[in-house]
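Novice: This is the structure I want to talk about, given as structure tokens.
Each reported figure results from applying straightforward, stated rules to the coordinates on display, with no laboratory input. Keep in mind it's a predicted model, so treat the numbers as computed, not measured. FYI the Cβ positions are ideal-geometry reconstructions off the backbone, even for glycines, and counts take in every protein chain you see.
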Protein chains: 2
Amino acid sequence: MQWIYPDFEFKPRRPLFLCIISNTDTGKIPGISAAGTSPELTDYTPGADAELVETNSIITMPELPEAPGGSPTPAIVTKAALNLSGIPSLFVASGLRKKPAIPYVEMGGSAGNDIRKQRALDDVKGIYERSVILGKKLASFSDCVFIGESIAGGTTTALAVLKALGYDGKVSSSFAINPVELKIKVIEEAFNRAQISEGSLKGDPFRAIAEVGDPMMPCALGLMRGLNRSKVILAGGTQMVAILAMANAIQIRGDISIATTKYIVEDDSANFVEVVGSLGVPYYYSDPGLERSKFPPVQIYAQGYVKEGVGMGGAALAASLYGVTQQQLVEETDRVLTTVELPK
Amino acid sequence: MQWIYPDFEFKPRRPLFLCIISNTDTGKIPGISAAGTSPELTDYTPGADAELVETNSIITMPELPEAPGGSPTPAIVTKAALNLSGIPSLFVASGLRKKPAIPYVEMGGSAGNDIRKQRALDDVKGIYERSVILGKKLASFSDCVFIGESIAGGTTTALAVLKALGYDGKVSSSFAINPVELKIKVIEEAFNRAQISEGSLKGDPFRAIAEVGDPMMPCALGLMRGLNRSKVILAGGTQMVAILAMANAIQIRGDISIATTKYIVEDDSANFVEVVGSLGVPYYYSDPGLERSKFPPVQIYAQGYVKEGVGMGGAALAASLYGVTQQQLVEETDRVLTTVELPK
């Protein structure tokens with residue numbers, strides 16, 4: 001049964017699933033992000049996602065990261081896909097405040113600021129340049145790198161950057177009802193503070209990141225620049241669309257595509273297909289079939305709660321290349337959810 | 001002209017040069033280490049070595065790391081070998097206090113304590129287990145991993161662990177006149193504090209590390225355990241001999257060998273060949289030919305100053321597999337030394 005659209009013809013010899021983990025205080029604005037049951041816990045969410053994928057346990061956070069409605073983090077789907085396919089993972093910390101208790105690549109940088117109140121980032125070029133170095137290294141080892149992300153609040157900064165670059169971006173959200181109005185209000189405040197307007201930073205994505213972006217962004221761009229000998233598949237929804245727009249602006253070339261979930265592609269409040277199409281980049285999406293989970297909090301992914309994150313759609317695509325079926329992914333996701341170890 | 005002994009027949013397809021960077025306060029005991037012109041700077045030395053190799057510049061330390069007599073860090077030879085061969089490098093921080101401004105893998109853990117005064121490490125098993133995870137990942141990507149180290153004071157903790165395991169270890173030093181008596185005195189004080197004696201921890205290398213070792217050690221052992229599908233070449237002198245002894249005690253198997261410099265093998269005060277031979281592990285060494293450098297501080301490497309470090313001997317061996325000659329290595333070492341950028 002088909003569950004990857006359209007067909008993906010490339011068979012990687014040495015794939016790598018990489019995930020950038022970052023923090024931004026923009027994610028702590030009440031109502032903006034669903035990652036973490038309280039704004040305070042959002043700092044811990046990316047690290048906990050990494051711990052789950054690397055060790056099947058949560059170590060540095062008191063509970064499994066979850067979204068409203070009780071849905072667990074999409075890291076469970078990513079973990080299931082990687083378990084079934086045997087594809088190795090690598091987490092890269094860029095501007096991450098709370099570090100996970102697993103091996104990860106440290107890219108440095110500070111957590112992003114609340115974009116309403118001050119410049120988002122001080123060290124955009126530093127993170128970018130270090131990420132280029134890492135990308136070049138990884139190109140020696142992997143012919144196909146999936147790049148996902150975990151950063152609470154990241155869709156808001158993605159929308160802000162898209163608008164600063166002049167795209168009519170709408171973004172998805174981990175809430176079923178997308179708090180678009182709140183995001184727009186945050187972005188308006190940020191644009192006023194930074195004295196920028198829609199499209200005013202069209203040719204200057206680095207300044208857009210510095211003013212209204214987040215630390216995941218320069219890391220993703222640097223990796224793409226460094227990886228140009230390898231196939232790069234951005235694994236995510238609107239946040240990765242913003243990365244594509246920025247990469248286009250600074251002429252990052254190569255074999256670049258984007259993979260996400262059916263839940264993002266079908267999200268009426270976002271315009272994933274439109275923006276990706278305008279950039280001329282191939283896109284793929286997987287239908288993880290989570291309505292067939294035994295657990296209601298996972299079933300409701302298919303109703304639009306938790307549409308993406310931790311590269312879930314790309315990880316599912318990657319697993320499919322190794323013959324993993326949708327049914328296997330659903331069952332393994334359920335198994336991961338029921339076996340993950342939590343702190344005592 | 002031969003400069004690698006004995007011949008090395010294996011030709012890696014995807015080699016990786018990995019270097020563990022760590023700190024121990026044992027390295028701050030006056031007279032113990034030559035890495036860093038003052039005890040305070042020893043914390044910065046490993047990170048500065050990493051910066052030099054990754055970027056050809058020193059970023060977080062005020063000066064080029066150097067040894068007494070004005071010799072520059074062996075990282076310049078490692079850098080030269082990697083430049084000429086194109087072999088990718090990866091630095092892994094384990095118990096590192098001062099972090100470099102380059103991408104590196106963070107393994108966590110605290111810097112080691114002064115073994116005279118308190119237990120060396122609290123989290124030996126944690127570092128080991130995280131390193132196993134990393135080793136398994138790297139085994140997917142590289143068929144041949146060189147593992148070097150940069151930790152000031154590491155030969156003293158290596159000797160302490162060797163003695164605790166019951167080996168009649170003598171160790172080399174980055175001083176031309178090996179301060180063996182000082183090292184022995186430090187180790188005696190440490191053994192008294194820990195209430196252990198020579199050979200009393202024969203079957204228990206983890207406890208030996210916890211009492212009198214350093215944070216490089218559990219990282220190297222974990223990597224070796226995780227990498228068992230790949231060829232592993234420990235790149236170093238006596239410190240890597242201690243790793244071999246510990247690996248033997250916990251029955252880490254695989255295609256394991258050790259590579260160092262002629263300066264270590266010919267060091268009368270150490271018994272590299274003897275201990276490696278007793279462990280039944282193949283060894284290789286390179287003659288970097290540094291007496292032909294244009295710069296006296298580099299020439300004196302060949303007189304026994306700065307015998308090893310930052311995996312210099314293994315990096316030279318690795319470069320030779322790609323056709324690099326001794327003369328090219330000397331010239332490139334001189335070029336690195338004269339072009340490295342220092343902080344303004």
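Novice: Using the 10 angstrom Cβ neighbour count as an exposure proxy, how do A:Lys183, A:Lys117 rank, fewest first?
Specialist: On the way: A:Lys183 24, A:Lys117 13.
Listing A:Lys183, A:Lys117 from fewest to most nearby Cβ atoms yields A:Lys117, A:Lys183.
Novice: Round to a whole angstrom and tell me the spacing of the C-alpha centers of the range A:75-112 and the range B:238-256.
Specialist: Centre-to-centre (Cα) distance: 30 Å.
Novice: Report the relative contact order of chain A, percent, no decimals, based on alpha-carbon pairs under 8 angstrom and at least 6 residues apart.
Specialist: 26
Novice: Across peptide A:85-96, what mean number of C-beta atoms from other chains lies inside 10 Å of a residue's C-beta?
Specialist: 2
Novice: Further, regarding this structure: Take the alpha carbon gyration tensor of the range B:13-338, find the square roots of its eigenvalues, order them as a ≥ b ≥ c, and report rounded if a/c is under 1.5; if not, report prolate when a/b exceeds b/c, else oblate.
Specialist: Because its axes are fairly even, with a/c under 1.5, the range B:13-338 counts as rounded.
Novice: Can I ask one more? Per residue of the range B:79-90, in order, report the coupling 6.51 cos²θ - 1.76 cosθ + 1.60 (Karplus, θ = phi - 60°) as ³J(HN,Hα) in whole Hz, putting x for Gly and Pro.
Specialist: Each residue's phi maps through the Karplus curve to give 4, 4, 5, 6, 4, 6, 8, x, 6, x, 10, 8 Hz.
Novice: Can you work out ³J(HN,Hα) from phi for every residue in the range A:126-134, in order, using Karplus 6.51 cos²θ - 1.76 cosθ + 1.60 and θ = phi - 60°, giving whole Hz and x for Gly and Pro?
Specialist: x, 4, 4, 5, 5, 6, 4, 4, 5
Novice: Near the amide H of A:Leu279, under 5 Å away, which other amide H atoms are found, from residues 5 or more places off or on another chain, if H is placed in the peptide plane?
Specialist: Sorted by chain and number, the residues that satisfy this come to none at all.
Novice: With 5 Å bins from zero, work out the P(r) of the range A:1-94 over every alpha carbon pair and list the percent per bin.
Specialist: 2, 12, 20, 22, 17, 12, 9, 5, 1
Novice: Rank the residues B:Cys219, A:Cys144 as a footprinting-exposure proxy: fewest other Cβ atoms within 10 Å of their Cβ go first.
Specialist: A:Cys144, B:Cys219
Novice: Amide H of A:Leu90: which non-local residues (sequence gap of 5 or more, or other chain) have their own amide H closer than 5 Å, using H built in the peptide plane?
Specialist: A:Phe17, A:Leu18, A:Cys19
Novice: Here's something else I'd like to know. Could you work out the local net charge near B:Gln303, counting Lys and Arg as +1, Asp and Glu as -1, over the other residues with Cβ closer than 15 Å to its Cβ?
Specialist: Result for the neighbourhood of B:Gln303: -3.
Novice: Which shape class, rounded, prolate or oblate, goes with the range B:1-157 when its Cα gyration tensor gives a ≥ b ≥ c as root eigenvalues, a/c under 1.5 marks rounded, and past that a/b bigger than b/c marks prolate?
Specialist: oblate
Novice: For the cross-link pairs A:Lys98/B:Lys136; A:Lys11/A:Lys183; A:Lys79/B:Lys28; B:Lys202/B:Lys231; A:Lys79/B:Lys117; B:Lys98/B:Lys183, which exceed 32 Å when the distance is taken from alpha carbon to alpha carbon? Intermediate values should be presented prior to the final figure.
Specialist: Working: A:Lys98/B:Lys136 25 Å; A:Lys11/A:Lys183 39 Å; A:Lys79/B:Lys28 43 Å; B:Lys202/B:Lys231 27 Å; A:Lys79/B:Lys117 44 Å; B:Lys98/B:Lys183 25 Å.
Pairs exceeding 32 Å: A:Lys11/A:Lys183; A:Lys79/B:Lys28; A:Lys79/B:Lys117.
Novice: Quote the charge dipole size of the protein assembly as shown about the Cα centre in Debye, to the nearest 20; the model charges only the Cβ of Lys and Arg (+1) and of Asp and Glu (-1). List each step's numbers first, then the result.
Specialist: On the way: 64 positive and 74 negative charges, 69 e Å.
It comes to approximately 340 debye.
Novice: Related question: Starting at the first residue of the range B:276-292, write each ³J(HN,Hα) from the Karplus equation 6.51 cos²θ - 1.76 cosθ + 1.60 with θ = phi - 60°, in whole Hz, x for Gly and Pro.
Specialist: My calculation for the range B:276-292 gives 4, x, 5, 8, x, 9, x, 10, 10, 8, 10, 9, x, x, 6, 4, 8 Hz in order.
Novice: Work through the residues other than A:Glu54 whose Cβ is under 12 Å from its Cβ and net out their charges, Lys, Arg +1 and Asp, Glu -1. Walk me through the numbers on the way to the answer.
Specialist: Values: positive: A:Lys79, B:Arg130, B:Lys136, B:Lys137; negative: A:Asp49, A:Glu51, B:Glu129.
Local net charge: +1.
Novice: Using label points projected 7 Å from each Cα along Cα→Cβ, tell me how many nm separate B:Lys125 and B:Glu291, to one decimal.
Specialist: Taking the simple label geometry, B:Lys125 and B:Glu291 are separated by 5.2 nm.
Novice: Which residue, chosen from B:Gly309, B:Ala75, B:Tyr128, occupies the Cα position most advanced towards the positive end of the dipole of chain B, where the dipole is computed from +1 (Lys, Arg) and -1 (Asp, Glu) charges on Cβ about the Cα centre?
Specialist: The Cα lying farthest towards the positive end belongs to B:Tyr128.
Novice: Please average, across the residues of B:123-133, the number of beta carbons from any other chain that are within 10 Å of each residue's own beta carbon, and give a whole number. All intermediate terms of the calculation are to be shown ahead of the outcome.
Specialist: Working: counts 0, 0, 0, 1, 1, 0, 4, 7, 1, 1, 5.
Partner Cβ neighbours, averaged per residue: 2.
Novice: Let me ask you something else. Per residue of chain B, what 222 nm ellipticity follows from adding -39500 (n - 2.57) for every DSSP H run with n ≥ 4, rounded to the nearest 500?
Specialist: Per the formula, -11500 deg cm²/dmol.
Novice: Indicate, rounded to the nearest 5 percent, the antiparallel portion of the DSSP beta bridges found entirely in the protein assembly as shown.
Specialist: Values: 9 of 65 bridges.
Bridges in the protein assembly as shown that DSSP calls antiparallel: roughly 15 percent.
Novice: Which GluC sites (Glu not before Pro) does the range A:297-343 hold that lie in a coil by DSSP with at most 10 other beta carbons within 10 Å?
Specialist: Working: sites: A:Glu308, A:Glu331, A:Glu332, A:Glu341; in loops: A:Glu308.
For GluC sites (Glu not before Pro) across the range A:297-343 that sit outside H, G, I, E and B with at most 10 neighbouring Cβ atoms in 10 Å, the list is empty.
Novice: Another question, then. Cα-Cα pairs above 14 Å in the range A:97-166: how many percent?
Specialist: 73
Novice: Defining a contact as two alpha carbons under 8 Å apart and six or more residues distant in sequence, what relative contact order in percent does the range A:241-344 show?
Specialist: 28
Novice: Expressed as a whole number of Å, what is the distance separating the alpha-carbon centroids of the range A:221-237 and the range A:118-144?
Specialist: 10
Novice: So, one more: I need the peptides A:4-13, A:312-321 ranked by packing, meaning the mean over residues of other C-beta atoms within 10 angstrom, with the highest value on top. Before the final figure, lay out each step's value.
Specialist: On the way: A:4-13: 12.2, A:312-321: 28.8.
Highest mean packing first, the order is A:312-321, A:4-13.
Novice: Taking a label point 7 Å from Cα toward Cβ, how far is B:Asp268 from its twins in the other copies, in nm, shortest first?
Specialist: Here the equivalent label points are 8.8 nm apart from this one.
Novice: Given the options B:Leu234, B:Leu279, B:Leu165, state which has the largest fluctuation in a GNM of chain B using a 10 Å cut-off (strictly under) for Cα springs.
Specialist: B:Leu279
Novice: Measure off 7 Å from each Cα along the Cα-to-Cβ vector at A:Gln118 and B:Lys117, then give the distance between these two points in nanometres to one decimal.
Specialist: 3.5
Novice: Moving on. Pick out, from B:Met107, B:Ser142, B:Gly153, the residue whose Cα sits farthest towards the positive end of the charge dipole of the range B:92-158, with +1 on the Cβ of Lys and Arg and -1 on the Cβ of Asp and Glu.
Specialist: Going by the charge dipole, the pick is B:Gly153.
Novice: Also: Can you compute the modelled spin-label distance between B:Gln195 and B:Glu181, with each label point 7 Å from Cα toward Cβ, in nm?
Specialist: Inter-label distance under the simple model: 3.2 nm.
Novice: Which distance in Å, rounded to a whole number, links the C-alpha centroids of the range B:277-311 and the range A:299-340?
Specialist: Between the Cα centres of the range B:277-311 and the range A:299-340 lies a distance of 52 Å.
Novice: Additional query: Shortest first and in nm with one decimal, please list how far the B:Glu40 label point sits from its counterparts in the other copies (point 7 Å along Cα→Cβ).
Specialist: 3.8
Novice: Can you give the alpha-carbon Rg of the range B:180-241 over 2.2 N^0.38 Å, where N counts its residues?
Specialist: Here the Cα radius of gyration is 1.31 times the empirical estimate.
Novice: Magnitude of the Cβ-charge dipole of the range B:13-338, K/R +1 and D/E -1, about the Cα centre, nearest 20 debye?
Specialist: 840
Novice: Nearest 0.05, what FRET efficiency do B:Lys344 and B:Gln2 give at R0 = 45 Å with Cβ-Cβ as r?
Specialist: Step by step, r from the Cβ atoms, then E = 0.55.
Novice: Output the antiparallel fraction of DSSP beta bridges having both residues in the range B:13-338, as a percent to the nearest 5.
Specialist: Roughly 5 percent of the beta bridges in the range B:13-338 run antiparallel, per DSSP.
Novice: How do B:Glu54, B:Glu188 line up, fewest other C-beta atoms within 10 Å first?
Specialist: Ranked by crowding around the Cβ, least crowded first: B:Glu188, B:Glu54.
Novice: Averaged over peptide B:134-142, how many Cβ atoms belonging to another chain are found within 10 Å of each residue's Cβ?
Specialist: Average per residue, whole number: 4.
Novice: Under 5 Å between amide H atoms, partner at least 5 residues away or on a different chain: which partners does B:Gly112 have, H built in plane at 1.01 Å?
Specialist: B:Asn23, B:Thr24, B:Asp25
Novice: Taking the alpha carbon gyration tensor of the protein assembly as shown, what are the square roots of 5 times its eigenvalues, largest first, to the nearest whole Å? Write down the numbers at each step before the final one.
Specialist: On the way: eigenvalues 426, 132, 106 Å².
Ellipsoid semi-axes (Å, largest first): 46, 26, 23.
Novice: Under the convention of a label 7 Å out along Cα→Cβ, give the distances in nm from B:Gly199 to the same position in every other copy, shortest first.
Specialist: Result, one decimal in nm: 8.4.
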